[in-house]
Amino acid sequence: MILGADIGGTFTDLVWWTGQQLLTYKLSTTPAQPEDALLTGIEHLGAARPDVLLVHGSTIATNAFLERTGARVLLITTAGFADVLEIARQNRANIYDARAPKPQPLVPRELRIEAHERLDAEGNALEPLSDAEIARIARTVAEQRPEAIAICLLHAYANPAHEQRLSEALRAASPFVYCSSAIDPAYREYERMCTTVLNAYVAPRVAEYLERLRMRVSGPFRLIGSHGGRETSNALERPANMILSGPAGGVMGAVAVSRAAGESEIISLDMGGTSTDVALIPGSPLMSRETLLEGLPLRAPMLDITTIGAGGGSIARLDRGGALVVGPQSAGAIPGPACYGRGGTRFTVTDAHLLLGHLLPEAFLGGRMTLDAHAARATAETANLGRTDDVRAFASGVIAVANAAMERAIRGVAARKGYDPADFTLFCFGGSGGLHAIELARALGMRGILVPRLAGVLSALGMVLADTLCSARASLLRELAEITEAELTARFAQVAAECEQRLLADGYSLEQIQVSPELELRYRGQSYELAIPWRANREATAAAFHREHERRFGYADRERAIEAVNIAVTVRGVNAGFSLPELAAGEPAAPMRTVEAWFGEQPHATEVYLLSALARDQRITGPALLAGDYTTVLLPPGTIGQIDRFGNVRVSLRN
Amino acid sequence: MSETDINPARLEVFKQLFQSVAEEMGEALMRTGYSPNIKERRDYSCALFDAAGETLAQAEHLPVHLGSMPRSVRAALDAYHLAPGDMVMLNDPYAGGTHLPDVTLVAPVYAAGRDTPAFYVANRAHHADVGGIAPGSLSLASEIYQEGIILPPVKICRAGELDADLLRVFLRNVRTPDERRGDLLAQIAANRTGITRMEGFLARYGLDELTRYGSALQDYAERVIRALLTEIPDGEIYAHDVLDDDGMGTRDVAITLTLRIMGDHATFDFTGSAPQVHGSLNAVEAITLSAVIYALRLAVREDVPVNAGTFRPITLIAPEGTIVHALPPAAVAGGNVETSQRIVDVALAALAQALPDRIPAASQGTMNNVTFGSANGSRYTYYETIGGGSGAGPGWHGTSGVQVHMTNTLNTPIEAVERSAPVRIERYTLRRGSGGAGRYQGGEGIARSYTFLEATEVSMLSERRTHSPYGLAGGVPGTPGANLLRMPDGAEETLPGKFRRTVPAGSTLTILTPGGGGWGAAGTDAHSVEAGSTSTDQPKGSSS
């Protein structure tokens, strides 16, 4: 039995798959001790049993990073390069803001120590690392008493020996020593260094959390990583992989629900209070090997998710040129939109929906909060420079602007990957997704929309379903034509061996273990790589590379030599036995009541349905509001909502 | 059209729409581009124009392209009527370009049933080589004919068909034809992306609505700049700075600015600036306009678009034949990368007197262009720029080791350099203490050392080696840069800011980039500023 739990900033969501049925529960997060809410939820569901495996995504690493409450890290670099971490890539994030600083490095100058040693690009020692030098560094480290240590030497991806010798000598100084050659053995020193430091930075906080959890949870537990998979029991080897685990669970949930529903090409849109996560899923989710966290690079295999600074809490204002601007400032969860009545004084997207009748004031969050339309109206008048006559037109404008910003971002995401949004269905979840889905899908010319029945706990559902993933990577940097197939096969086996051992130790049988070998290839002279599945022979793999290059970048150069930069393996422990429960046949639900809601500039008598009461195969003609506890789906006039056999709301926008 | 017809929400919606067209063109260009300079360093700009060729939106903002893109469109329209499917290519700095490596492609967008274009799209990309006396087309030169192939506005596509003859001529004149061909095809694809997207919006919103809000957005950008200028008291402000030298014997090349504010209008008058020089530091007028617009935009603290409206409250006077408005056949490669930085310094020195609460001291003021290649034939060439310190401002410290003002490209990783060239990087650190002291400290420059493993030909185009980046309000100037050579026998010498030299195997070149100027006297707590109180003899400033 598996229990998935997503501990978010506002809510802790739980989904328990008992083997026959799905039980769900949602409660407020307890930020100081996030495990408190988690354990309360487990008790409530009656899942506090030793035979229940808890799989969860936690914000422990995320918060340690965002709030800069991570460890005091000491960094060891090659002599002459202690400032690489601070110089970064020399570019600036905003060219028109002279005040904007670079992101602060996570290790200050006085904790960046230089080691006298030097490797060349092939890993040969130009200057050996002497025992005396190791002893000198060990003394310095002992004086500094860091909580964690990161080691990143030039060209260590080609030869880990120097890093390993330092690491062994420093084990006594800290239980958290991370080598760049183990964390991320690939070239480009700044990104590798920053990734190593990020892991060291969050490690002690994650370790403390796991220890607290171990004392309070009766059964086994595992964490979800940014790659959308379950980690093995060795999560502390790369703790930074947890930083983006929350959004990853949502994408995995979206994949599972959309596949069951027969919509395999989706763009998922998780619209929350402060931001919106977008993922392009052409059949299966796209993976990325690098992302920027507040400007700092993290290199690790992860789901490719783009975050847009627009959400229900985005603040609207008129700027001094007379344009209505929405975001990027957000009222967040606290104080939140004005209508939350928690002291928010700025007009937000959620306030706009309330004034337009898109939200039911008394039914918000399943009735746990009553929205204050009065407060929303007052702040609208302030934001609209005191004009009281056309508050609804103003609110409509705010929605239109928020949609335009999201449309622009989604077009950018698709264009970067070489796809057209018109070939996709918009899969919406998160608190506000259902309110924007149809307008947004129309503007992008998309096929239609799908809002899942389990929209409120989708991320936790994704955690129930996730396979266990373990990946490993090694630097190659050789021409593909020069490497024999036998040599590659041996390297793949070598790199995969440790992951396979871990999955066996985690209880998987050999039959449940899938190994996916990949080569990261590029044309010689290029500086970016494409990950291509290894097809057991060089010609087929090269042909696949040319095809993918043509699809992604518009051309292929079949005459040019191909360079194999890295080899990578993903080892997957496959979890079978889950199927999304279908809704039993039932009587179509009748509308609860009729309200006045505005679509565009016009008011419409709009029927309100309880989302959870809608029956399989029921059709609802817009204008209508489908009100759930944590999400509302808006059906504008002329649209038809169709409930599928899983209870998902689907609207086709093609005739 | 009166302002009240314009809906603030629709204004913002169209701002996002037009911006998304330019951005999507940029994504297409980066995605299909061939060379690292386009894919990695993102040295390109994409923009959308109205029927009159005036800018509506520009993405991938390289500030140095701001003022010059509309001139490319203008030059294309002066040369041709653009029928559907036509595309014009150009790089002539004296006809819509900036310097020869920047190649611009202009194409029309037609609305159904109309026989003149409703909009234009254009993109400009920096090509890694366009011929000339040295690889990279950015070397010391004394006339433009030495800098590479010159393309006046020419039709590269007619009714959708690529002109293969013209393409052959271009490719025969460059060192890396395959790469150039790939990049050029990417530029064509980027314009086609923009056309397709605009045709979609024409179907969705109609020509009238798009035109109306395009014009409203220009008015909007104009209002923002006029509001800024109104904050400045009427009068004349004087500022002055110098370029170190042109690398061919001319020293202390002056750039002089009188900024006249009258109500909500500004005149930037560069009368008094030095005559154009023998070396390649000459800027064409479009670069000077870009630098001025960039400096103004820096003073606006809101996130507003730059379009044709931004230019309306501005008059530029840049006398012909000077360093800020070069005439043919002057060489111009360095005008784009170095002189543009100094024009920004001068424009900011003037604005600092008017708006002392928001303008920073001088940043490193150079791009430190390093080019090297094998001395025995052209087995490889390598080009990079190096960041330095940015200037401190009222309330903030400068940033260390960063590209400033007119450029924003990324560095090349050491582990990549050492794989692609017979060179070893010995050191890559911040120059501790090189930022100007002050209440707020200037950012630190960078020290980067290259040891050449074989005989190597090195070219350098750098500035601020003799004259320091200025401080403001009592802040100390940044430490100037230096180029140092240590020979295999240990002999050391200081090289000039601009040189071309063959060095033996085992030589080490160390580039020290300038620190940024400090802001405010050290030890003071005051936040107030005396207008015009700069801390060195340059820039000279006075208000009247």
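The values are calculated or read from the model by the stated rules, or taken from the named source; none is laboratory data. Note that the structure is predicted; figures quoted are calculated from it, not measured. Because the Cβ atoms are built from the backbone with ideal geometry, glycine has one as well, and the counts that use them run over all protein chains shown.
Things worth noting here:
Yes/no per residue for (1) under 20 Å from B:P93 (Cβ atoms); (2) without any contact (Cβ under 8 Å) to a residue 40 or more places away in the chain; (3) not in a loop (DSSP other than H, G, I, E, B):
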residue: B:R114; (1), (2), (3): no, no, no
residue: B:G136; (1), (2), (3): yes, no, no
residue: B:A141; (1), (2), (3): yes, no, no
residue: B:L151; (1), (2), (3): yes, no, no
residue: B:R180; (1), (2), (3): yes, no, yes
residue: B:Q187; (1), (2), (3): yes, no, yes
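- Selection count, segment B:313-330, where residues are within 14 Å of chain A (Cβ to nearest Cβ) and over 29 Å from A:A93 (Cβ atoms): 0
- Residue list for segment A:415-431, restricted to those being in contact (Cβ under 8 Å) with a residue 24 or more places away in the chain and more than 9 Å from chain B (Cβ to nearest Cβ): A:Y419, A:P421, A:A422, A:D423, A:F424, A:T425, A:L426, A:F427, A:C428, A:F429, A:G430, A:G431
- Contact map, segment B:425-448: residues that are within 12 Å of chain A (Cβ to nearest Cβ) and assigned to a loop (DSSP other than H, G, I, E, B) paired with residues that are crowded, with 24+ Cβ neighbours inside 10 Å and β-branched (V, I, T), Cβ distance under 6 Å, separation 6+ or inter-chain. Pairs shown: B:G443/B:T399; B:G445/B:T513.
- Count of residues meeting criterion [at pLDDT below 90, more than 21 Å from B:E179 (Cβ to Cβ) and of a type in the set (D, E)] in segment A:528-569: 0
- For B:T193: the one exception among (1) of a type in the set (S, T, N, Q); (2) touching a residue at least 60 places away in the same chain (Cβ under 8 Å); (3) away from every other protein chain (no Cβ under 13 Å): (3)
- Enumerated strands (runs of 3 or more DSSP E) restricted to segment A:79-195, each holding at least 1 residues that are surrounded by fewer than 22 Cβ atoms within 10 Å (Cβ to Cβ) and more than 11 Å from chain B (Cβ to nearest Cβ): A:112-115, A:125-127
- Selected residue (criterion: nearest to A:M287 (Cα to Cα)) from residues of segment A:520-552 that are among the aliphatic types (A, V, I, L, M) and assigned to a strand (DSSP E or B): A:A531
- Contacts under 7 angstrom Cβ, first residue in segment B:249-265 being of a type in the set (V, I, T), partner part of a strand (DSSP E or B) and surrounded by fewer than 17 Cβ atoms within 10 Å (Cβ to Cβ), 6 or more apart: B:T258/B:E236; B:I261/B:G235
- Considering the conditions (1) closer than 22 Å to A:E601 by Cβ; (2) without any contact (Cβ under 8 Å) to a residue 12 or more places away in the chain; (3) surrounded by 21 or more Cβ atoms within 10 Å (Cβ to Cβ), A:F364 is excluded by exactly one of them, (1).
- Failed item, numbered, when A:P335 is tested on (1) in contact with a Gly (Cβ under 6 Å, 6 or more places away or on another chain); (2) surrounded by 19 or more Cβ atoms within 10 Å (Cβ to Cβ); (3) away from chain B (no Cβ under 14 Å): (2)
- Any hit, segment B:65-87, residues being buried (at least 24 other Cβ atoms within 10 Å of the Cβ), within 14 Å of another protein chain (Cβ to nearest Cβ) and not small (G, A, S): yes
- B:Y213 vs. criteria assigned to a helix (DSSP H, G or I), buried (at least 20 other Cβ atoms within 10 Å of the Cβ), among the hydroxyl-bearing types (S, T, Y) and touching a residue at least 12 places away in the same chain (Cβ under 8 Å): yes
One line per residue, one yes/no per condition, for (1) in contact (Cβ under 8 Å) with a residue 40 or more places away in the chain; (2) of a type outside the set (S, T, Y); (3) away from chain B (no Cβ under 14 Å):
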site: A:A460; (1), (2), (3): yes, yes, yes
site: A:M463; (1), (2), (3): yes, yes, yes
site: A:E479; (1), (2), (3): yes, yes, no
site: A:I483; (1), (2), (3): yes, yes, yes
site: A:A486; (1), (2), (3): no, yes, yes
site: A:F492; (1), (2), (3): yes, yes, yes
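- Tally, over segment B:49-67, of residues that are under 24 Å from A:A93 (Cβ atoms) and not β-branched (V, I, T): 10
- Condition met for B:L167 (in a helix (DSSP H, G or I), free of Cβ contacts under 8 Å to residues at least 40 places away in the same chain and surrounded by fewer than 23 Cβ atoms within 10 Å (Cβ to Cβ)): yes
- Residue match in segment B:14-27 (condition: more than 23 Å from the chain's Cα centre (by Cα), on the phi < 0 side of the Ramachandran plot, without any contact (Cβ under 8 Å) to a residue 12 or more places away in the chain and at the interface with chain A (Cβ under 10 Å from one of its Cβ atoms)): yes
- Candidate set from segment A:632-653 (those that are among the β-branched types (V, I, T) and touching a helix residue (DSSP H, G or I) at 6+ places or on another chain (Cβ under 8 Å)); member that is surrounded by the most Cβ atoms within 10 Å (Cβ to Cβ): A:V649
- Some residue of segment A:338-346 being within 21 Å of A:N384 (Cα to Cα), of a type in the set (V, I, T) and within 14 Å of chain B (Cβ to nearest Cβ): no
- With respect to (1) within 11 Å of chain A (Cβ to nearest Cβ); (2) touching a helix residue (DSSP H, G or I) at 6+ places or on another chain (Cβ under 6 Å); (3) closer than 18 Å to B:R297 by Cβ, the lone exception for B:A47 is condition (1).
- Checking each residue in segment A:521-532 for being touching a Leu at 6+ places or on another chain (Cβ under 8 Å) and over 16 Å from A:E482 (Cβ atoms) picks out A:E529, A:L530, A:A531, A:I532.
- Some residue of segment A:279-298 being crowded, with 24+ Cβ neighbours inside 10 Å and not polar (S, T, N, Q): yes
- Counted as qualifying within segment A:553-616 are the strands (runs of 3 or more DSSP E) with 3 or more residues that are over 26 Å from A:L435 (Cβ atoms) and touching a residue at least 24 places away in the same chain (Cβ under 8 Å), namely A:562-573.
- Applying the criterion of being hydrophobic (A, V, I, L, M, F, W, C) and part of a loop (DSSP other than H, G, I, E, B) to the residues of segment B:373-414, the residue that is modelled with the lowest pLDDT is B:A375.
- Pairs where the first residue, in segment A:9-27, is surrounded by 14 or more Cβ atoms within 10 Å (Cβ to Cβ) and the second is of a type in the set (F, W, Y) and part of a strand (DSSP E or B), C-beta under 6 Å, 6+ apart: A:L14/A:Y25; A:L23/A:W16; A:K26/A:F11
- In segment A:380-398, the qualifying residues are those that are of a type in the set (S, T, Y) and at pLDDT below 90, and the one that is farthest from the chain's Cα centre (by Cα) is A:T388.
- Among the residues of segment A:386-399, just one is touching a strand residue (DSSP E or B) at 6+ places or on another chain (Cβ under 6 Å) and either among the polar types (S, T, N, Q) or farther than 13 Å from A:E601 by Cβ (or both), namely A:V398.
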